[in-house]
Amino acid sequence: MNARYDCFCKLSDLVGAQESLSEARRHLHRFPELSFQEKSTAQWVADQLEGWGYKVTRNVGGHGLVASLKNGEGKAIALRADMDALPIQEETQKPYASEHPGTMHACGHDGHTAMLLGAAQQLAKTKNFKGTVHLVFQPAEEAGKDSGAQQMIADGLFERFPCDAIFGIHNHPGVEVGTFMFGAGAFMSASDTCYIKVKGKGGHAARPHQTVDPVVIMGSLIMSLQTVVSRNIDPLQTSVVTIGTAHAGSVSNVIPDTASLSMSIRSFSPEVRERLEQRIKDLVTAQVASFGGEVEIIYERGYPVVINSVAETEFARQVAVELVGEDKVVSPFGPVTGSEDFAYYLQHKPGCFLRLGNGTDSALLHNPKYDFNDQNLSYGAAYWTRLVERFLDAA
């Protein structure tokens, strides 16, 4: 390794901060707030940052914050953490479990925020960089549409806080703690949602021949939709169609008038995305008509594909190798079929969204037993600090 790199942040520099980082993360975990409701979270985060000397701009795109620190003239870098929680009842039984019933940090945004706060404090203390760092604390990543990233961009994020590149991290259950994962190009999928309402003709369960049974139609659709990917998309192109809800009727002896289902659709290219939408609409329309029913289809486009730029991804990977060694860096990694509104930032600026292992025994994301692994806090804070120092190298 280049000896000049010895002046940049190391894991050992953050060992002493582990306890305070854990306290911060657990505070955030105890008081989660849903998308568009992160007022108290944003206030608490802003107070910490202002105490360390950052210029904090509040209410950017809702409850979003941008904390800026300038040290001389030079380039500018942006780092992003998300702050919102999910509408899930926590089942971890941890002493710092959510005190807000039906709301929990089941995706690790408490950890993402705490890691960036750790880096913020270290950067303010050492100022081992030349240029400007913008720390973006984003609301409403879980919104699915009209999200925090979209609203912050619409509120002039990149005009008000110019940067040369932007970076973000998401934890990744199932991979060893402290393992960094990278992928250039299409890294995380686009996410779309389809709502289907089947209209039949209800009646008595004993006289099905006098009805148009929407339950039977829905059952047929559930099976047929499984062929959309397997028989319409190139096997070398990753895509997913998952039916998440199916509802019909209320009692056993009545055939209802309507039935409904909804599905999540994931893809990694514009062509496949278009193909999936058209085939789903065509299949559903024809299938329902073949049973004598009618259908309403609402197809909503969600987050686009996360496309990491090549140069920034390679730079981010090199920083990770310097910090933790080649054996704890996986590249290329992916594709990841989850979705992220970080994609919108990458439509405006070059950058990289990477993954950080949350442990092989971690519960899955969006699970009521999930918890962010506090061992990652020093890894993330040290990584962010070193990334800034390397990007804004004062040498």
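What does DSSP give for region 1-136 in terms of the percent of beta bridges that are antiparallel, rounded to the nearest 5? The partial results should precede the final answer.
Working: 11 of 17 bridges.
Of those bridges, close to 65 percent are antiparallel.
Express as a percent, rounded to the nearest 5, the fraction of DSSP beta bridges in the chain (both residues included) that run antiparallel. Let's see the in-between values first.
Details: 47 of 69 bridges.
The antiparallel fraction comes to roughly 70 percent.
Given a 1.4 Å probe and every protein chain left where it sits, what share in percent of the accessible area of region 147-273 is carbon and sulfur? Before the final figure, lay out the partial values.
Details: 2960 of 5600 Å².
Carbon plus sulfur share of accessible area: 53 percent.
What percentage of the solvent-accessible surface of region 299-387, computed with a 1.4 Å probe over protein heavy atoms, is contributed by carbon and sulfur atoms? Please list the in-between numbers first.
Working: 1670 of 3260 Å².
Within region 299-387, the accessible surface is 51 percent carbon and sulfur.
Quick one: compute the contact order of region 200-283, relative version, from alpha carbon pairs under 8 angstrom and 6+ residues apart, as a percent. Don't jump to the answer; show the numbers that get you there.
On the way: 127 pairs, mean separation 30.3, N = 84.
Reported relative contact order: 36 percent.
For region 357-371, just list the computed ³J(HN,Hα) in residue order, Karplus coefficients 6.51, -1.76 and 1.60, θ = phi - 60°, integers in Hz, with x standing in for Gly and Pro.
Calculated HN-Hα couplings, in order: x, 9, x, 6, 9, 6, 5, 5, 4, 6, 10, x, 9, 5, 8 Hz.
From Cα pairs below 8 angstrom and at least 6 apart in sequence, can you work out the relative contact order of the chain, rounded to a whole percent?
Result for the chain is 26 percent.
With the dipole of the chain worked out from charges on the C-beta (+1 for Lys and Arg, -1 for Asp and Glu) around the Cα centre, which of Ala46, Ser250, Asn308 lies farthest toward the positive end?
In the chain, that residue is Asn308.
Could you name the aspartates and glutamates in cross-link range of Lys130, using Cα to Cα under 16 Å and dropping any fewer than eight places away on the same chain?
The qualifying aspartates and glutamates are Glu73, Asp164, Glu389, Asp393.
Compute the distance from the alpha-carbon center of region 53-93 to that of region 198-268, in whole Å.
41 Å
Can you give me the Kirkwood hydrodynamic radius for the chain, using every pair of distinct Cα atoms, in Å to one decimal?
Values: mean 1/r = 0.0444 Å⁻¹.
About 22.5 Å for the chain.
Can you pull the accessible area of Phe333 for me, 1.4 Å probe, Å² to the nearest 10?
About 50 Å², rounded to the nearest 10.
Using a Cα-Cα cut-off of under 15 Å, which aspartates and glutamates could be cross-linked to Lys39, ignoring same-chain neighbours fewer than 8 residues away?
By straight Cα distance, Lys39 reaches Asp47, Asp82, Asp84, Asp110, Glu141.
Hey, what's the chain come to in accessible area per residue, 1.4 Å probe, Å²?
Details: 16690 Å² over 395 residues.
In whole numbers, the chain has 42 Å² accessible per residue.
Within the set Lys145/Lys201; Lys75/Lys328; Lys10/Lys55; Lys10/Lys70, which residue pairs have Cα atoms separated by over 31 Å?
Details: Lys145/Lys201 34 Å; Lys75/Lys328 29 Å; Lys10/Lys55 26 Å; Lys10/Lys70 22 Å.
Violating the 31 Å limit, Cα to Cα: Lys145/Lys201.
Report in % the part of the accessible area of region 30-123 that belongs to carbon and sulfur, leaving out ligands and nucleic acids; probe 1.4 Å. Walk me through the numbers before you get to the answer.
Working: 1750 of 3600 Å².
Its accessible area is 49 percent carbon and sulfur atoms.
The values are calculated or read from the model by the stated rules, or taken from the named source; none is laboratory data. Here the structure is a predicted model, which is why all the values come from computation and not from measurement. Neighbour counts run over all protein chains shown; Cβ positions are idealised from the backbone, glycine included. Surface areas here come from the heavy atoms of the whole protein model, side chains and all, with no ligands, DNA or RNA. Shrake-Rupley method; radii C 1.70, N 1.55, O 1.52, S 1.80 Å.
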